[in-house]
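Since every read-out is calculated from the coordinates, none of them should be taken as a lab result. Bear in mind that the values here come from a model prediction, so they are computed numbers and not experimental data. In this analysis, Cβ positions are derived from the backbone assuming ideal geometry, glycine residues included, and neighbour counts consider all displayed protein chains.
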Amino acid sequence: MTGQINYNTATVREDPTKRKLTVTITKVRRQTVVVPTSVLRGLCPVCNREVEMVTAAQAAEFLEVGDSSLQTLISAGEIHAVATVTGVLLLCKESLC
Ligand SMILES: [Zn+2]
């Protein structure tokens, strides 16, 4: 969800001696930035601690490599991988950096 709220206020001051009118307009704009909440966390067997996990597609996009290059990095142990019980391969985000 993304929300945006605009507040507009106006202040009018009148000086009776100078007959001068001052108008101050204040505009406040608040914008809500939404961060994805579906962050996967899991135990990386190499780092031996709970880390953020990403899918192979997310890792390939992050590293800007193709599937075969990603598979080579996983096979070489440069990227830490864990297979879930459903067969989905999750990769340790720490090892991508
Ligand atoms: Zn790791």
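Condition test on V65, is it part of a strand (DSSP E or B) and of a type outside the set (S, T, N, Q)? So V65 fails the test. For segment 71-82, check the following and say yes or no: at least one residue is closer than 13 Å to C44 by Cα, part of a strand (DSSP E or B) and touching a strand residue (DSSP E or B) at 6+ places or on another chain (Cβ under 6 Å). The answer is yes, given that some residue of segment 71-82 is closer than 13 Å to C44 by Cα, part of a strand (DSSP E or B) and touching a strand residue (DSSP E or B) at 6+ places or on another chain (Cβ under 6 Å). Can you find even one residue in segment 20-43 that is more than 10 Å from the ligand (Cβ to nearest atom) and surrounded by 13 or more Cβ atoms within 10 Å (Cβ to Cβ)? Among the residues of segment 20-43, at least one is more than 10 Å from the ligand (Cβ to nearest atom) and surrounded by 13 or more Cβ atoms within 10 Å (Cβ to Cβ), which makes the answer yes.
What do you reckon, is A60 farther than 17 Å from V39 by Cβ and buried (at least 17 other Cβ atoms within 10 Å of the Cβ)? So A60 fits the description; yes.
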